[in-house]
Each structure stands twice: as C-alpha cells, then as structure tokens.
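First comes the structure, then the notes that go with it.
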Amino acid sequence: MKPFHFKQFSVQQSAKVFRVGTDGVLLGASASVQNAGNILEIGTGTGLISLMVAQRNPEATITAIEINEEAAAIAAENFKSSPFYNRLKVLRQDFKSYNVKEKFDLIISNPPYFEINPSEKDILARQQTELSFGDLISNASQILSESGMFSVIIPFDAGNDFEKKCRQESLFLVRKTTVFGIKNAAPKRLILEFGFENKKITETEFVIEKSPRSYTDDYLDLTQDFHVFGK
C-alpha cells in the first residue's frame with residue numbers, strides 16, 4: 001500500500017494492518033497533550049497517533065504498545081523515519097500483561113470495538129477479541145499518574161457503558177466531544193477524556209464533513225498542522 005503523507009512525517013501502511021483513518025487523526029489532533037511528559041499509546045497500529053502526539057508536544061516521550069507483530073514492525077519503521085524518532089519507542093506487547101512501575105501523564109487509545117466486518121480484516125484491531133474495554137480501563141487506571149488524562153475515541157453507542165466502567169475505576173469524565181461524520185447525521189464517535197479528579201465536564205460537538213468529501217472549517221482547523229491539504 002502507498003504511504004500516507006502528512007506535513008512532517010509519513011505513515012507506511014499494510015493491507016493486513018489497520019490503516020490511517022479519521023478516528024486516529026481526530027484523537028491525535030485533539031487529545032490533551034500539553035502537560036504530558038510521559039505518554040503511553042495502547043494499540044498503536046501504524047503509529048499514527050503517537051507520531052501526531054510527538055509533533056504536538058516536543059517535550060514528550062512516547063511509548064507505543066502493539067500486540068500485532070506486523071503492525072509493531074511497521075510502527076517501528078514509521079517512528080525511525082520520523083523527525084521525532086528519539087522520543088518514540090514501540091513495544092510488541094499485550095496490554096493485559098503490561099506491568100510497569102512508572103506512571104504516565106497521558107494514556108491514549110483508539111481501542112478495539114465490535115463492528116460488523118465480513119472480510120475479517122483488522123480483526124485484532126477492531127473487535128474485542130484481545131482487549132476488552134474493561135481490561136483497557138482497569139489496566140490504564142493502574143498506571144495513570146495522579147493528575148494524568150486517559151483519552152480515547154470510541155463508537156457513540158458505546159459511550160454510556162465505557163463511562164460506567166471508568167467510574168468503577170475512579171476515573172471521571174472530564175471532556176466529551178460528540179463527533180458527527182457529516183452535518184445533520186446521527187452521531188458517529190465520542191472523544192472522551194478521563195481523570196481521577198471529579199470536576200465539571202466540558203462538552204462539545206464536532207462535525208467532520210459539511211457534505212460528502214467536503215470538510216468543515218472545524219476539521220480543517222483542527223488538522224491544519226498535519227494534513228497536506230487545507231482550506
């Protein structure tokens with residue numbers, strides 16, 4: 001497959017690995033990275049989100065976990081060829097057995113979820129066969145720093161269950177963005193951020209396209225430092 005080119009880095013892809021998509025771009029461009037010195041991405045795939053986070057926060061070091069051997073190898077190559085290579089590392093690792101003493105200021109993930117998938121392509125990345133939401137949340141809560149943020153993008157319909165599981169681990173919703181694929185359509189995704197402090201929730205809405213293949217100004221503004229195209 002052809003690489004996907006961004007302004008400061010390129011992402012090599014494979015037909016066998018979950019590819020660059022809007023979900024990853026949205027999370028990578030919007031997650032709260034400002035005060036995060038030590039960042040963990042769970043399920044990095046090609047490494048897209050970690051690369052975006054490294055670009056946005058030049059002081060951060062990022063560890064990316066990936067269970068799939070081919071995906072981990074591709075992410076490693078993408079990291080090596082980027083301007084941020086010295087702040088990025090990938091581990092081929094099952095997050096369920098990831099045991100570290102260090103704490104992370106930001107844990108970020110575009111996690112697996114159930115989706116009708118007749119081709120069975122990307123089965124590890126897109127179904128909860130390897131990592132359930134419960135495992136993801138429970139393990140993340142153990143290695144998140146006291147003032148850290150847990151940032152995810154998930155299907156809209158999974159929101160209530162995900163929030164409930166987070167509360168059970170003393171993770172409280174801090175920011176909620178409802179994502180619409182196109183203007184006047186049903187909501188598609190949620191970008192959620194959680195922390196250990198129970199405080200007022202910031203809620204916003206975000207529309208990706210104003211019409212088919214025509215991006216909104218909000219999307220173009222959010223991704224202007226990454227996408228080669230623009231207004």
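At-a-glance table
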{"read-out": "So residue 40, is it touching a Phe, Trp or Tyr at 6+ places or on another chain (Cβ under 7 Å), open to solvent by less than 40 Å² (accessible area, probe 1.4 Å) and within 25 Å of residue 228 (Cα to Cα)", "value": "no"}
{"read-out": "Hits in the range 47-60 - residues which are within 18 Å of residue 95 (Cβ to Cβ) and in a loop (DSSP other than H, G, I, E, B)", "value": "47"}
{"read-out": "Of residues in the range 182-208 being touching a residue at least 40 places away in the same chain (Cβ under 8 Å) and within 15 Å of residue 21 (Cα to Cα), the one surrounded by the most Cβ atoms within 10 Å (Cβ to Cβ)", "value": "189"}
{"read-out": "In the range 61-83, the residues that are outside any helix (DSSP H, G or I) and either among the hydroxyl-bearing types (Ser, Thr, Tyr) or open to solvent by 70 Å² or more (accessible area, probe 1.4 Å) (or both)", "value": "61, 63, 81, 82, 83"}
{"read-out": "Selected residue (only one of 99, 86, 35 is part of a helix (DSSP H, G or I), on the phi < 0 side of the Ramachandran plot and surrounded by fewer than 23 Cβ atoms within 10 Å (Cβ to Cβ))", "value": "86"}
{"read-out": "Residue tally, condition more than 23 Å from residue 22 (Cβ to Cβ) and either open to solvent by 60 Å² or more (accessible area, probe 1.4 Å) or among the basic types (Lys, Arg) (or both), over the range 142-159", "value": "3"}
{"read-out": "Failed condition for residue 67, given (1) free of Cβ contacts under 8 Å to residues at least 40 places away in the same chain; (2) under 20 Å from residue 153 (Cα atoms)", "value": "(1)"}
{"read-out": "Of residues in the range 209-231 being touching a residue at least 60 places away in the same chain (Cβ under 8 Å) and over 20 Å from residue 109 (Cα atoms), the one least open to solvent (accessible area, probe 1.4 Å)", "value": "227"}
{"read-out": "Flag for residue 186 being among the hydrophobic types (A, V, I, L, M, F, W, C), out of contact with any Gly (no Cβ under 8 Å at 6 or more places or on another chain) and at pLDDT below 95", "value": "no"}
{"read-out": "Test: residue 46 is modelled with pLDDT under 95 and open to solvent by less than 10 Å² (accessible area, probe 1.4 Å)", "value": "yes"}
{"read-out": "Residue 30 vs. criteria surrounded by 17 or more Cβ atoms within 10 Å (Cβ to Cβ), over 18 Å from the mean Cα position of the chain (by Cα), closer than 30 Å to residue 215 by Cα and at pLDDT 95 or above", "value": "no"}
{"read-out": "Flag for residue 22 being open to solvent by 10 Å² or more (accessible area, probe 1.4 Å) and touching a residue at least 40 places away in the same chain (Cβ under 8 Å)", "value": "yes"}
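The values are calculated or read from the model by the stated rules, or taken from the named source; none is laboratory data. Here the structure is a predicted model, which means the values were calculated and not measured. Methodologically, a virtual Cβ is constructed for each residue, glycine included, from the backbone with ideal geometry; neighbour enumeration extends over all protein chains shown. The accessibility values were calculated without ligands, DNA or RNA, using every heavy atom of the protein model including side chains. Shrake-Rupley method; radii C 1.70, N 1.55, O 1.52, S 1.80 Å.
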